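As structure tokens, the structure follows; a few thoughts come after it.
The values are calculated or read from the model by the stated rules, or taken from the named source; none is laboratory data. As the structure is a computational prediction, the values presented were derived from the model and not from experiment. For neighbour counting, all protein chains shown are included, and Cβ atoms are generated from backbone atoms with ideal geometry for every residue, glycine included.
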Amino acid sequence: MAIQSLFIANRGEIAVRIIRAARALGIRTVQAVSAADGDMLAARLADAVVPVGPAHASKSYLNKEAMVRAAVESGCDAVHPGYGFLSENADFAAMVEAAGLIFVGPAPETIRRMGDKAQARREAEAAGVPTVPGTDGVVSDLAAAQAEAERIGWPVMIKAAAGGGGRGIRVARDAAELATLFPQASGEARAAFGDGGLYLERFIARARHVEVQVLGDGVRAIHLYERECSLQRRRQKVWEEAPAACLTPDQREALCASAVRLAERVGYRGAGTLEYLFDGETGEFFFIEMNTRIQVEHPVTEMVTGIDLVQQMIRICGGETLALAQEDIRLDGHAIEVRICAEDPDADFRPSPGTITALAVPEGDGLRFDTMLFAGYQVPPFYDSLLGKLIVHAPTRAAAIAALAGALEGLKVEGLPTTTPLHSALAADPEVQAGTVHTRWLEGWLEGRAAGASSPSASPVVPSPA
Amino acid sequence: MTVKTIQAPLPGTFYRASGPDEPVFKSEGDAVAIGDTIGLIEVMKSFTPVIAEEAGTLVAFHVENEDAVMAGQALYDLDA
């Protein structure tokens, strides 16, 4: 039974994106709106809007009962959760299904299973997908630790079982260092936490974040290649690319095949992403977690494959079997997305809600701007700061970076500070251009930049990665 | 004695405590010293404390916990 009427249980740019995909499929759209969002772009575009509660997300976009009630009462037969908010809430998915509606996403049990990190790791191991090597629990003594470290591979991270938030972590590069550090770490952990138990995990100094996009219909799954999102600040991605230029063709094949094995093992339905750490020095990749929803950075995959992921997930969840075969998916060129946020990069990324006084969007081949903005729009202070995503597509990575620099010049969001200048600076950076970054590179780069700004005579600083 | 109305310094969501299970920073009738935290305002997932710039007695709040506030909106009355 194809979906006739879709309830959008989200806001911002992804709500706009879902409305456009639904409209292309001839589906009526009903937009949820909080008290602060009556004038947002998605509300203007949707066929109907339904108020779901006050501005505060816990009383509106995170209110499961209010969302399900609004979807039912507005005559919808399906709910699209977008990303964030209730998108990975298994209870919400179950409530939508219990109300007789389609949840545009995987089965509630799949969300629950893959949302539990330990269980997801066990599923990965059962599917033959590598996970970060480590001990199975606490190691009893130094001799056991030496044997385990040899199996795990150097360098190893020594972590206190009772610790958290990175406290008490040490890195041993070889057996001699482990012999020194293990007793120290154990004593310190006993003093700090009253428990000297330690476990070991492989330490990846310059990990890159790679992730594989999959589509599944509950039985069969395919991959749509990978993205690299190593440029992060406070674990938030700021710049994403497809494909990952750091991979060899063989590594890409192995990585993507592993994601399909895991997606098929869990009977995945809809669009999903498997996140991995990639060690560029050894060429190894390790599964870390699965996101059971559409992701912010999905457009880069759409640009290099030509597949509309949001339409695909709506069609599959509406009951179609996956129409695409793996051979249908071909990589074409390189795409980059940058997140344009209402934050001031020159003031420690201070959030900057306000009114958009003028908006100019660059247009042309290989350019796309997914946004919630229009001139005169008042960006509310109650939700995240993402205003839009500028996406470029070109034959090569170098050409894509050049196209991005040009597109950023043409993008004018007036009325409040945005992260646009940060992206222009990144596009001009030699290390970004060379692609030699890792997940902690950007924070070091920002620190160096802040230090450079405070001493005006200093030449531009390109710090070595932390 | 004069009662002053203190306004929100920035727009966002007002919180009277640092977490759902935490005690409120201030109740009506409490003494307020300069530098005391009265509440928090969340702007785009980032939290800014509302700090008292004047001492006195907190007479009344104009907003509830988790209310949306605009910059310049009345937050609380202070008997200074």
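Observations on the structure shown:
- Wholly within the stretch A:152-254, strands (runs of 3 or more DSSP E) carrying at least 1 residues that are in contact with a Leu (Cβ under 6 Å, 6 or more places away or on another chain): A:156-160, A:170-172, A:207-217, A:221-233, A:236-242
- Close pairs from the stretch A:142-159: first free of Cβ contacts under 8 Å to residues at least 40 places away in the same chain and in the same structural domain as A:Gln184 (by TED's automatic domain parsing), partner crowded, with 19+ Cβ neighbours inside 10 Å and in a helix (DSSP H, G or I), Cβ under 8 Å, at least 6 apart: A:Gln146/A:Leu178
- Cβ-Cβ contacts under 9 Å between residues 6 or more apart (or on different chains), taken from a first residue in the stretch A:55-70 that is in the same structural domain as A:Ala98 (by TED's automatic domain parsing) to a second residue that is charged (D, E, K, R) and surrounded by fewer than 16 Cβ atoms within 10 Å (Cβ to Cβ), are listed as A:Lys64/A:Asp91; A:Ala66/A:Lys59.
- Residue match in the stretch A:301-324 (condition: away from every other protein chain (no Cβ under 14 Å), in contact (Cβ under 8 Å) with a residue 60 or more places away in the chain and closer than 17 Å to A:Val238 by Cα): yes
- Neighbours by Cβ (under 6 Å, 6+ apart or cross-chain): first from the stretch A:420-437, at pLDDT below 95; second crowded, with 16+ Cβ neighbours inside 10 Å: none
- Some residue of the stretch A:401-419 being charged (D, E, K, R) and within 14 Å of another protein chain (Cβ to nearest Cβ): no
- Of the residues making up the stretch B:13-45, just one is within 14 Å of chain A (Cβ to nearest Cβ), touching a residue at least 40 places away in the same chain (Cβ under 8 Å) and either more than 23 Å from A:Ser352 (Cβ to Cβ) or loosely packed, with under 15 Cβ neighbours inside 10 Å (or both), namely B:Arg16.
- Each residue in the stretch A:353-385 was checked for being away from chain B (no Cβ under 11 Å) and within 19 Å of A:Arg339 (Cβ to Cβ), and 15 of them qualify.
- Residue, nearest to A:Leu373 (Cα to Cα), within the stretch A:34-54, restricted to residues that are within 14 Å of another protein chain (Cβ to nearest Cβ) and in contact with a helix residue (DSSP H, G or I) (Cβ under 7 Å, 6 or more places away or on another chain): A:Asp37
- The residue pairs whose first member lies in the stretch A:266-290 and is in contact (Cβ under 8 Å) with a residue 40 or more places away in the chain and within 24 Å of A:Leu324 (Cα to Cα), whose second member is part of a strand (DSSP E or B) and of a type in the set (Ser, Thr, Tyr), and whose beta carbons are closer than 9 Å, counting only pairs six or more residues apart or on different chains, are A:Met290/A:Thr273.
- The listed residue being among the hydrophobic types (A, V, I, L, M, F, W, C) and closer than 28 Å to B:Val69 by Cβ, out of A:Ala94, A:Ala98, A:Ala90, A:Ala70: A:Ala70
- If the condition is being small (Gly, Ala, Ser) and crowded, with 22+ Cβ neighbours inside 10 Å, then the stretch A:247-265 contributes A:Ala259, A:Ala263.
- Qualifying positions in the stretch B:46-70 - under 17 Å from A:Ser58 (Cα atoms) and exposed (fewer than 12 other Cβ atoms within 10 Å of the Cβ): B:Glu64
- A:Tyr225, sole failed condition from (1) at pLDDT below 95; (2) hydroxyl-bearing (Ser, Thr, Tyr); (3) over 17 Å from A:Pro130 (Cβ atoms): (1)
- Residue ID - surrounded by the most Cβ atoms within 10 Å (Cβ to Cβ), chosen from residues in the stretch A:190-246 that are of a type in the set (Lys, Arg) and in contact with a His (Cβ under 6 Å, 6 or more places away or on another chain): A:Arg208
- Residue, farthest from A:Leu387 (Cα to Cα), within the stretch A:406-417, restricted to residues that are out of contact with any Ser or Thr (no Cβ under 7 Å at 6 or more places or on another chain) and surrounded by fewer than 23 Cβ atoms within 10 Å (Cβ to Cβ): A:Gly406
- Filter result for the condition that a residue is in contact (Cβ under 8 Å) with a residue 40 or more places away in the chain and not hydrophobic (A, V, I, L, M, F, W, C), over A:Asp77, A:Asp47, A:Asp91: A:Asp77
- Qualifying residue in the stretch A:49-66 (condition: among the aliphatic types (A, V, I, L, M) and more than 15 Å from A:Phe85 (Cα to Cα)): yes
- Among the residues of the stretch A:355-382, those that are surrounded by 16 or more Cβ atoms within 10 Å (Cβ to Cβ) and under 15 Å from A:Ala36 (Cβ atoms) comprise A:Met372, A:Tyr377, A:Val379, A:Pro380, A:Pro381, A:Phe382.
- Looking only at the stretch B:46-77, and only at residues there that are part of a loop (DSSP other than H, G, I, E, B) and closer than 17 Å to A:Pro54 by Cβ, the one that is farthest from the other protein chains (Cβ to nearest Cβ): B:His62
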